[in-house]
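The values are calculated or read from the model by the stated rules, or taken from the named source; none is laboratory data. These numbers come from a predicted model, not from an experiment. As a convention, Cβ positions derive from the backbone with ideal geometry for all residues, glycine included, and neighbour counts pool all protein chains shown.
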Amino acid sequence: MSRRIILPLIAFLLLALPRHGEALEIHSFHCLHGCPKGPTEARDLVIRQIYLLSANNETKLADWVAYRVTPETIGSQSTRNWRRDPWLAPDETLSPGDYEGAHAALGTDRGHQAPLAALAGTADWAETNYLSNITPQAADLNRGAWLRLETAVRNLAREEGVEAVYVVTGPLFERPMPPLPNAERAHRVPSGYWKLVALDQGEDVLAAGFVMPQEAARGDGHCLYRSDLPAIEAASGLTFFHGLDAAPRVVVHDGAEALLARLGCAEAESG
């Protein structure tokens, strides 16, 4: 299917449509200095109040999901009512039945990309349970290092002086993985995941990167999986923070020890 853009009437989202031969550029308050850029074939852009994502019609998962965490968006809602994304055609996304038997066969959870806990304080929290925002994620990862990183992001958002934490996350397909045993649609199961956590520093971006494999042990700390922007761009095929006016002034990993420490990753910490 050709590229489509799906969006509600949201006054604070601006969409710059491409001219002849120009790449699509997206402007959203969920993306700090521009949303990720990458391949657009077989992708649908879904823009919602609490997140936006690039849905991949071939993998049936989102290539990336961008969202913004503030103290006001955080909540305690825990209801998980899995639903097919109503804005995507049935052959473009997975349905609840596709996940039947997956935990028993593969040890996978239905893992949120834009997490429920970070957005449960919003009126639209239930949209985090659309399967376009879900991936087959190993239970030990989902309930271990990935959960610890999501908790660290919420703690950061609650810090005094932090207006918002910007997060972009997505799957990796670096090796073949067993498919969901009862899925009726062709799809791909990720081999791992990446996440970028960023703060707006005016003319600069302070960011920290993480890459986690599906095989991560449940007891692993998220800090074991620190990465950097070049590695995440190379692995994902995406570019980030391209809206900066001058040469990229993004401080990631080694130069962002202060941010990493605020995410629970002090330099001396082993994870």
Given (1) buried (at least 16 other Cβ atoms within 10 Å of the Cβ); (2) modelled with pLDDT of 95 or more; (3) among the small types (Gly, Ala, Ser), residue 227 misses just (2)
For residue 208, indicate whether it is in a strand (DSSP E or B) and touching a residue at least 24 places away in the same chain (Cβ under 8 Å). yes
All but one of (1) surrounded by fewer than 16 Cβ atoms within 10 Å (Cβ to Cβ); (2) under 18 Å from residue 264 (Cα atoms) hold for residue 141; state the number of the condition that does not hold. (1)
Checked region 94-110 for anything in contact (Cβ under 8 Å) with a residue 60 or more places away in the chain and either within 22 Å of residue 191 (Cβ to Cβ) or among the charged types (D, E, K, R) (or both); matches are 94, 98, 99, 100, 101, 102, 105, 106, 108
Counted residues, region 23-63 - those being modelled with pLDDT of 85 or more, among the small types (Gly, Ala, Ser) and assigned to a loop (DSSP other than H, G, I, E, B): 3
Got a number for residues in region 37-67 being over 11 Å from the mean Cα position of the chain (by Cα) and either charged (D, E, K, R) or farther than 24 Å from residue 126 by Cα (or both)? 11
Can you name the residue in region 64-86 that is among the aliphatic types (A, V, I, L, M) and either part of a loop (DSSP other than H, G, I, E, B) or in contact with a Cys (Cβ under 8 Å, 6 or more places away or on another chain) (or both) and is also farthest from residue 152 (Cα to Cα) among such residues? 66
Whether any residue in region 145-165 is in a loop (DSSP other than H, G, I, E, B), closer than 30 Å to residue 186 by Cβ and at pLDDT 95 or above is what I want to check. no
Can you confirm whether residue 174 is surrounded by fewer than 17 Cβ atoms within 10 Å (Cβ to Cβ), modelled with pLDDT of 95 or more, in contact with a helix residue (DSSP H, G or I) (Cβ under 8 Å, 6 or more places away or on another chain) and within 16 Å of residue 62 (Cα to Cα)? yes
If residue 200 satisfies all but one of (1) closer than 22 Å to residue 52 by Cα; (2) in contact with a helix residue (DSSP H, G or I) (Cβ under 9 Å, 6 or more places away or on another chain), what's the number of the condition it fails? (2)
The residue from 215, 233, 184 that alone is under 30 Å from residue 25 (Cβ atoms), among the acidic types (Asp, Glu) and at pLDDT 90 or above is 233
Which one is surrounded by the fewest Cβ atoms within 10 Å (Cβ to Cβ) among residues in region 88-127 that are touching a helix residue (DSSP H, G or I) at 6+ places or on another chain (Cβ under 7 Å) and hydrophobic (A, V, I, L, M, F, W, C)? 125
